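Here the structure is laid out as structure tokens; the discussion comes afterwards.
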Amino acid sequence: MRIRLFAALGAAVFSIGLSAPTVSPPAVAATAVRDVRVASFNVSSVSFDGQASGNHAKWRVRRPVVVSQILNQKVDVLGLQEVNQSSKYASSLDYGTTQYLDLKRALNIHGANYALTNKYAYNCVRPMSSYNCVYHNNNASQDNRIMYDTDTVSMIKQGAYKYPTQTVGKNERYLVWGIFEMKATGKRFLFTNTHLDPYSAATRRSQWDEAIAKTNKLKAGLPVVAVGDYNTSKFDTYAATYLPKMKSNGYGDVLNQQYREPGVKNPRAEVMKRGWINSFNGFKRDVRSYAYEDARYKVGNGIDWIFVTNTARVKEWSMVTNVSMTTLQVRGVIPSDHNLVRATLVLP
């Protein structure tokens, strides 16, 4: 029989296995509708199909698993990174001219009702083409996108902010944002998504400062959920500055991770699932190369983060991966070189 083992650490419960289903008490409807399920997922660009080999499958093969994970996690609002915006890869797609449109329709043909905060590919007069671009602000944000479930939340407003600091000659980096309203409660919140520069730590730090400043201008008293691929683990030296800085600005890590601390002294999430696994997997099937498999009370050194208003309740956090707890091997097609990270929140 497969075993589920829980270790209490402060107020948190750390789930370290996949076992026979546990029985939970029935949810109280008035409480359940207050939950918002948010996630961040770097899905790996279709532009990398040309170098796909081994465990790195092409987008058409990976997409069904990406779709399955998003649907199974019942995500209300999702920050996506590397959903390519170019139509030059249309021959590698089935349901749209860009990767983000392809993913949206793939989700919806399975019965979901997801929408994008912005469908435009480029900030050009011709919004779906960058050829001979004449600038026009369409709030496009390259391959960084937000998707939301129209059954559970409504979009009130949306936009995109191009960071003033960029690495010359590389993909432009954005903070994409939306203000959403939960249909069940009328509660509104600001959701931001970003993919910080992977090439220069100096650029990354500047972009992080710019993201905080922009978020503070946008929030206008609303609860904040900030997700993304920050290309930063808690062992990077500048994490000593930016993890406390996020918290001091009002929206700390949902796990309350600290610089260079492999464990969590004062856990914020009440339940954590597979937290000992890193969020970046590099298309490696053996999780032992990117996990604390022999010390599962520790938190993996992820680079994909979820931050939320400090007074929010974090009911659950999950590292989503189809790993066998017996063999420590990822089963089936690996959907991306990053794992989806998801949190269930009760916003103040």
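Read-outs throughout are calculated quantities, based only on the coordinates presented, and are distinct from any laboratory measurement. This one's a predicted model, so the numbers in the text were calculated from it and none came from an experiment. Here the Cβ positions follow ideal geometry from the backbone for every residue, glycine too, while neighbour counts run over all protein chains shown.
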Alpha-carbon Rg with Dmax, taken over the range 139-192, Å: 13.7, 45
Using only alpha carbon pairs under 8 Å that are at least six residues apart, calculate the relative contact order of the chain and give it in whole percent. 20 percent
May I ask for the distance between the Cα centers of the range 103-173 and the range 259-322, given as a whole number of Å? 28 Å
Which percent, nearest 5, of DSSP beta bridges in the chain are antiparallel? 75 percent
Positive minus negative residues near G159 (Lys, Arg vs Asp, Glu; Cβ under 12 Å): +4
Taking the Cα centre of the range 161-282 as the origin, how large is its charge dipole in debye, to the nearest 20, when only Lys and Arg (+1) and Asp and Glu (-1) carry charge on their Cβ atoms? 240 debye
Percent breakdown of C-alpha pair distances by 10 Å bin, ordered from the shortest bin, for the chain: 5, 26, 36, 26, 6, 1, 0
In debye to the nearest 20, the charge dipole size for the range 35-346, taken about the Cα centre with +1 at each Lys and Arg Cβ and -1 at each Asp and Glu Cβ, equals 280 debye
Sorted from largest down, what three extents in whole angstroms do the Cα atoms of the range 98-222 have along their principal axes? 43, 36, 25
